[in-house]
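A short write-up of the structure that comes next.
The values are calculated or read from the model by the stated rules, or taken from the named source; none is laboratory data. As the structure is a computational prediction, the values presented were derived from the model and not from experiment. Cβ placement follows ideal geometry from the backbone for every residue including glycine, while neighbour counts extend to all protein chains displayed.
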Amino acid sequence: MEIAKALDKQAKLLILDEPTSSLNEEDSRALLDLMLGFKKQGMTMIIISHKLNEVAYVADKITVIRDGTTIETIDNRGPEPVSEERIIKGMVGREMTNRFPKREGVKIGDVMMEVSHWTVHHPLYPERKVVDDVSINVRKGEVVGIYGLMGAGRTELAMSIFGQSYGVNFSGSLKIDGKDVKMKKSESDAIRHKIAYVTEDRKGNGLVLSQSIRVNTSLANLDSIASHTVIDQDREYAVAEEYRGKLSIKTPSVEQLVGNLSGGNQQKVLLAKWMFAEPDIMILDEPTRGIDVGAKYEIYCIINDLAASGKSVIMISSELPEVLGMSDRIYIMNEGKMVGEMKASQATQENIMAAILRSGRGA
C-alpha cells in the first residue's frame, strides 16, 4: 500500500527504505522485479537495504555507508552482479570467510522445554486458529531454528508461549525441565519460569527509546537491583556497564539514550536486557532484522555463547541461510502448523521450501 501511494503521486524519484523487511521471498522478488520495470520507464530509485542479494539483484550502483561515512560506490552494471562477499568487504572493512561463526564442542543436553499440541486462537477472531496443534521441544545447549513464510504463525507461537502474551482460547501442554507448567496469562509469570522473548519489534515492544541504556538493561529484572522497591542506581549502572562490555555495545556511555543508537547496538541492548533476567530459555524473534552484516556476526556469536553456557535457544528467522547457518535442528511452519522437522545436517533450502509447498497443497 505504501508503494502504491508513492506511485499514485507519479513520482520521478522513489526512495525505498528496507522495503522488503516484512515480505517473504516471493513477494520480495516481485517487488524487485517491479522496480526493474519502473527503471525501464525512466524512474529513478534509491533502495536502502541490509539484504545484500536484493541490492546486488536490482541496483546499478551500490554505495556502502559505515558509521555515517560513505566508504565506496561499486559499479554493478557488468555482465555479472557484484558478489555479496565484495559488498561485505566494504561494510565491515575486511574479508569475511565465514558468515556464521562455528560452534564447536557444545554438549546438547536433556530437553529443557517441551510444548505439546499447542493451539491458539486469534484475539479478535476467536474462530480462527493462528497456532494449530503444534508440538516442539528444545534441549539445553541447543539452537533450534523455526522457519516459515510471513504469516506462518511463528511470532504468534513464540508470544503465546511467553506468558500467553498473544491469542485466546489456549490449549495444549507446556513442560519446563520435565515439569508441567500451568502458566498464567502474564509476561511476569513467564520471566519467573526463566523464559525470555526477544521481540522482532525492538523499537515498538522491546525497548524504551526515550530512556538510557542503563534503564533499558535492567527492565526485565528490576527485583535484583531494588531494595524495598527503590532502585539502586549504582547497581543498575554497574550492570549496564557489565553488559556493555560483554556484548561490545558501541556507545560513549550507558547514559546514552537507546533511540540514538544504531540498529545493531539497539539489538544488543535488547539482548542484554533479557540476558540480565538470567533465563534458561531464550526465544529470539528475528534477532538480526534490519542490522548490517558485521553486527549480525556479533549477534550470532552471542547466540553461540548462550548455547555454550547451557541455555536453550529458539531462533525465529525469515532468512533461510541464517536458519541453516545457526541451527542444530530446524522446525518448519506454514499456516499455523508445524509441517517439518530436520536436523541441520539434513536441511537444505530446497528441502525446507518443499515441505512448505507440500503443506500448502494439503499433501
Cβ pairs under 9 Å, 6+ apart or interchain, first in the range 252-269 and assigned by TED's automatic domain parsing to the domain that holds V215 and touching a residue at least 60 places away in the same chain (Cβ under 8 Å), second among the aliphatic types (A, V, I, L, M) and surrounded by fewer than 18 Cβ atoms within 10 Å (Cβ to Cβ), ordered by first then second residue, are Q266/L209
Which of the residues belonging to the range 305-325 are assigned to a helix (DSSP H, G or I) and either within 15 Å of the chain's Cα centre (by Cα) or free of Cβ contacts under 8 Å to residues at least 24 places away in the same chain (or both)? D305, L320, P321, E322, V323, L324, G325
In this structure, does Q41 turn out to be more than 31 Å from the chain's Cα centre (by Cα) and at negative phi? yes
Before we move on, is N221 modelled with pLDDT of 95 or more, assigned by TED's automatic domain parsing to the domain that holds N334, over 30 Å from S345 (Cα atoms) and in contact with a helix residue (DSSP H, G or I) (Cβ under 6 Å, 6 or more places away or on another chain)? no
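Go through the range 165-222 and report how many residues are assigned to a strand (DSSP E or B) and under 14 Å from I281 (Cβ atoms). Quick ask: steps written out before the conclusion?
We begin by selecting, within the range 165-222, every residue assigned to a strand (DSSP E or B); these are 168-176, 179-180, 195-198, 212.
Still in the running and under 14 Å from I281 (Cβ atoms): 174-176, 179, 195-198.
Final tally of qualifying residues: 8.
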Can you tell me which of E104, E85 is at pLDDT below 90, part of a helix (DSSP H, G or I) and acidic (D, E)? E85
Of the residues I46, I62, only one is under 26 Å from R86 (Cβ atoms) and surrounded by 17 or more Cβ atoms within 10 Å (Cβ to Cβ); which? I62
Condition check for I303: assigned by TED's automatic domain parsing to the domain that holds M150, out of contact with any helix residue (DSSP H, G or I) (no Cβ under 6 Å at 6 or more places or on another chain), buried (at least 17 other Cβ atoms within 10 Å of the Cβ) and not aromatic (F, W, Y): yes
State which residue is modelled with the highest pLDDT when the search covers only the range 259-283 and only residues that are among the polar types (S, T, N, Q) and surrounded by fewer than 19 Cβ atoms within 10 Å (Cβ to Cβ). N260
Identify, please: which residue in the range 240-257 is of a type in the set (S, T, Y) and surrounded by 15 or more Cβ atoms within 10 Å (Cβ to Cβ) and is, among those, farthest from V269 (Cα to Cα)? T251
Determine, yes or no, whether S28 is small (G, A, S), free of Cβ contacts under 8 Å to residues at least 40 places away in the same chain and either closer than 17 Å to L320 by Cβ or in contact with an Asp or Glu (Cβ under 7 Å, 6 or more places away or on another chain) (or both). yes
Cβ-Cβ distance below 6 Å, separation of 6 or more or different chains: which pairs start in the range 157-176 with a residue that is at pLDDT 95 or above and end on one that is surrounded by fewer than 19 Cβ atoms within 10 Å (Cβ to Cβ) and among the charged types (D, E, K, R)? K175/E114
Only one residue in E72, E54 is outside any helix (DSSP H, G or I), of a type in the set (D, E) and free of Cβ contacts under 8 Å to residues at least 60 places away in the same chain, so which one is that? E72
If S186 meets every condition in (1) in contact (Cβ under 8 Å) with a residue 40 or more places away in the chain; (2) surrounded by fewer than 20 Cβ atoms within 10 Å (Cβ to Cβ); (3) among the hydroxyl-bearing types (S, T, Y) apart from one, which number is that one? (1)
